[in-house]
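The values are calculated or read from the model by the stated rules, or taken from the named source; none is laboratory data. If you're wondering where the values come from, they're calculated on a predicted model, not measured in any experiment. Don't worry about glycine lacking a Cβ; one is built from the backbone with ideal geometry, like all the others, and counts go over all protein chains shown. Ligands, DNA and RNA are excluded from the accessible area calculation, which covers all protein heavy atoms including side chains. Shrake-Rupley method; radii C 1.70, N 1.55, O 1.52, S 1.80 Å.
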Amino acid sequence: LKCAEERFKDDPEVVLAAVRSRGAALEFATERLRSHTDIVGAALAQNGSALVHAAANLRNDRTIVLAAVTRDGSSLAYGSEDLRRDKEFALMAVAMNGLALQYVTPELKVDKQVVLRAVRQNAHALEHADSRLKRDRETVLAAVLQDGSALAYALESVRNDDIFMISAIAKQPCVLQYAGERLRNNAEVVLGAVKSDCNALMWATPHLRNDRDFVLRMLRVNAAAFEFVPEALRGDRAIALAAVKSIGGCLRYVSEGLRGDKDVVLAALVSNASALELSAPHLRADRDFLQAAVKRNVEVLRYAEESLRSDRAFVTDIVRLNGSALHFASPELRADRGIVMLAIQTMAEANAPREEDDLGGMAFDRGGVPEHYLSLGIQRPSALQYASEELRSDPDFVLEAVEVDPAALGHAMPKLREDQAFVLRAVARNGLSLAGASPQVAGNRAFVLSAVRVDGRALSGASEKLKNDKDVVLAAVSARGDALMYASEAMRNSKDVVLTAVDLWGPALRYASEALRGSRDTVLAAVGTWGLALQHATDKLRGDREVVLAAVANDGLALLHAAPMLTDDKELVLAAVGLWGAALEYASKRLRCDRDVVLTAVRRWGVALQFADDSLRRDKEIVLAAVQTDGLSLPYASGDLKADRDVVLTAVRGCGSALAHAGPALRADKEVALTAVTARGQALRYVAD
């Protein structure tokens with residue numbers, strides 16, 4: 001535009017195009033167009049400083065000048081004197097761009113309202129405030145909260161105010177760099193700053209940064225600050241360990257010697273496998289060390305040398321520790337049938353549920369499936385997912401894998417997961433594997449009916465719709481009662497379905513709806529199959545005499561789950577202890593004093609004597625019955641009866657080790673000792689000198 005003819009400099013269309021490209025081109029427009037609002041506005045949108053070329057009337061126009069300031073705070077310098085002294089306008093300008101404070105008139109630079117608004121928009125506006133406000137705590141703090149480095153513009157009196165500085169450092173740790181030596185040497189102040197910003201350690205005094213105890217404390221607060229610890233302390237083993245235990249990547253900053261220290265590197269690898277790349281070369285090639293490291297963090301294998309990731313013996317040892325390590329083995333080994341199967345076995349064992357005792361509410365070893373498997377599906381990991389495509393496409397290998405880990409089917413190639421005939425073969429190996437079939441297969445009603453008849457647990461992998469299909473669910477629980485756990489809520493409330501399940505497998509009562517766990521005939525059917533199913537019945541039925549009698553008739557331990565009032569029912573307790581003597585523990589206090597009940601219990605299991613009342617443990621007939629059943633019940637007899645020749649002879653005749661609990665005189669008795677060692681030679685150790 002500068003070189004254009006005058007007629008073009010006065011052409012609105014030409015000038016508009018020019019200023020849109022370069023706002024400063026407004027300088028070459030005619031006076032008439034430099035007064036044109038649209039043209040000047042376009043210029044300012046491209047470059048706020050173009051205001052300098054606008055006509056005087058526009059440099060006094062609030063809208064125009066605000067547009068310029070929004071683009072560039074320094075453009076206020078070109079606004080009219082009237083606007084630069086206008087407080088209302090100044091408040092609007094600094095709200096748009098705090099740095100515009102530089103160009104307001106001096107009386108506004110001392111106006112706290114204007115300055116506060118400026119520093120809240122841009123902390124560095126404090127540089128242009130009047131010196132009186134540079135020592136104003138509120139104003140300075142407002143700036144510091146935006147950017148800690150703004151403290152550099154405050155007066156020294158503010159920076160020497162410890163109370164103010166501590167408050168500012170707590171909010172903006174970088175303020176520490178402007179604090180006096182006293183605060184930078186204050187351990188608590190520096191720790192507070194480092195907690196929020198690890199860089200704050202850089203501004204502590206050299207004395208504090210070289211204080212070993214302080215550095216150890218600091219690492220517990222924010223280990224990322226280890227980078228700024230002096231080199232001498234980065235070679236301190238205890239300090240290095242504290243750092244890498246928190247952040248493995250801190251290994252990058254430890255001394256070269258410690259990067260070859262096994263304990264230090266192992267500590268780093270726990271949280272950051274890639275730290276192996278920072279360790280000394282000899283450790284990256286140390287097989288024993290890498291085995292120990294992979295045991296702590298399997299991903300370490302990813303960073304091991306290629307020669308080790310291709311070493312069959314080494315990888316075999318590693319996947320024996322952690323099956324998922326297969327993921328980081330070489331392609332050749334991920335195609336090795338033996339290694340892959342070992343990985344699948346290891347990973348399946350690691351993911352297997354911990355078997356719990358029946359008393360804990362989870363049935364085990366009765367043909368059931370722990371609730372852990374409710375979540376089975378393609379999302380559940382299996383080492384097969386890391387195997388080569390060739391093995392994941394091999395029907396025989398996948399079937400073998402499914403037998404070990406039902407989740408393996410979910411990681412086979414799609415072709416196998418979509419093949420109904422193959423999936424049915426997999427279900428025959430392990431019913432839980434249906435969860436890994438394709439959605440089309442798992443949602444096919446006819447196929448799922450066939451699958452659950454083979455193994456009821458296949459219901460676990462069926463679609464939600466089929467888990468609510470009565471025919472499908474009945475077929476599943478008819479094959480395996482524990483399949484009830486996979487049925488829909490509606491089906492677990494179906495009496496036909498639940499009765500079929502508990503008739504086959506009593507523990508299935510656990511998965512029935514609350515209504516059916518309160519159904520008398522349903523619970524009777526369950527406890528008739530497995531007495532301990534009583535624990536899953538409602539409180540009301542655990543107080544039903546007929547139901548509890550049926551339960552203890554099946555398993556005396558069911559007395560544990562009976563209502564308290566029934567543990568005082570002699571007929572019921574006799575039935576329980578007659579089947580399982582240890583049930584005496586759950587009888588009422590009154591019945592544990594009852595001679596008939598206790599005799600029945602100890603004749604079934606002598607050690608039940610421990611649950612009898614003290615008065616009956618002094619009863620010779622009862623104690624004789626107990627030791628005759630099990631000599632090891634002698635410890636629970638009274639002191640007098642432990643010294644009774646008939647009682648002790650009976651006990652050691654059945655169990656020589658019972659001699660250990662006989663009275664001192666009888667342990668020195670030749671006949672008693674001979675009887676004991678005849679029963680068990682090791683009883684000689686209990687013979688008195």
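Key figures
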item: Accessible area per residue in Å² at 1.4 Å probe, computed on the range 568-657; result: 43
item: Dipole in debye (nearest 20) - the range 299-342, about Cα centre, beta carbon charges: Lys, Arg +1; Asp, Glu -1; result: 180
item: Within the accessible area of the chain (1.4 Å probe), percent carbon and sulfur; result: 46
item: Most to least accessible of 405, 130 (protein chains only, probe 1.4 Å); result: 130, 405
item: Table column - 3J(HN,Hα) (Hz), the range 65-76, Karplus curve with 6.51, -1.76, 1.60, x for Gly and Pro; result: 5, 5, 4, 5, 5, 4, 7, 7, x, 5, 5, 4
item: Efficiency of FRET between residue 35 and residue 87 - r from beta-carbon atoms, R0 35 angstrom, step 0.05; result: 0.80
item: Quarter of the Cα convex hull surface for the range 187-227, i.e. its orientation-mean projected area (nm²); result: 2.3
item: Highest to lowest packing among 310-316, 274-280, scored as the average C-beta count within 10 Å; result: 274-280, 310-316
item: Per-residue [θ]222 nm for the chain (sum of -39500 (n - 2.57) over DSSP H runs n ≥ 4, rounded to 500); result: -12500 deg cm²/dmol
item: Protection-proxy order for peptides 200-206, 647-653, each taking the mean of Cβ atoms within 10 Å per residue, highest first; result: 647-653, 200-206
item: Accessible area in square angstrom per residue, the range 419-553, 1.4 angstrom probe; result: 37
item: Efficiency of FRET between residue 156 and residue 207 - r from beta-carbon atoms, R0 25 angstrom, step 0.05; result: 0.65
item: Simple spin-label estimate for residue 263 and residue 646 in nanometres, 7 Å along Cα-Cβ; result: 6.6
item: Å³ per residue enclosed by the Cα convex hull of the range 528-631; result: 73
item: Listed pairs 620/642; 87/134; 540/570; 642/670 exceeding 18 Å between Cα atoms; result: 87/134; 540/570
item: Cα-based reach from residue 245 at 22 Å (exclusive), listing lysines while leaving out same-chain residues under 8 positions away; result: 195, 262, 295
item: Accessible area (Å², 1.4 Å probe, nearest 10) - residue 196; result: 80
item: Order by protection proxy (mean Cβ within 10 Å, highest first), peptides 48-57, 230-239; result: 48-57, 230-239
item: With Cα atoms, 0 to 90° folded angle of helix 670-679 axis to the chain main axis; result: 60
item: Magnitude of the charge dipole, the range 435-477, Cβ model with Lys/Arg +1 and Asp/Glu -1, debye to 20; result: 40
item: Estimated distance in nm for a label pair at residue 216 and residue 307, the labels positioned 7 Å out from Cα along Cα-to-Cβ; result: 4.0
item: Rounded FRET efficiency, nearest 0.05, which uses the C-beta distance separating residue 6 from residue 296 and R0 of 56 Å; result: 0.10
item: Stretchable slack from residue 450 to residue 57, in nm (0.36 nm times residue separation minus alpha-carbon distance); result: 132.5 nm
item: Rounded tilt (10° steps) of 445-454 against the dominant C-alpha axis of the chain; result: 40
item: Residue 208 accessible area, assembled protein chains, probe 1.4 Å, Å²; result: 10
item: Helix axis angle, 470-479 relative to the chain longest principal axis, alpha carbon, degrees; result: 50
item: Added length on full extension, which subtracts the Cα-Cα distance from 0.36 nm per residue, residue 138 to residue 110; result: 8.7 nm
item: Candidates per trypsin sites (Lys or Arg not before Pro) in the range 34-96, loop by DSSP, up to 14 other Cβ within 10 Å; result: 85
item: Computed lengthening from residue 252 to residue 231, 0.36 nm per intervening residue step minus Cα-Cα distance; result: 6.3 nm
item: Paired Rg and Dmax values of the chain, which use every Cα atom, in angstrom; result: 42.2, 138
item: Per-residue SASA entry for residue 661, accessible area with 1.4 Å probe, Å² rounded to 10; result: 70
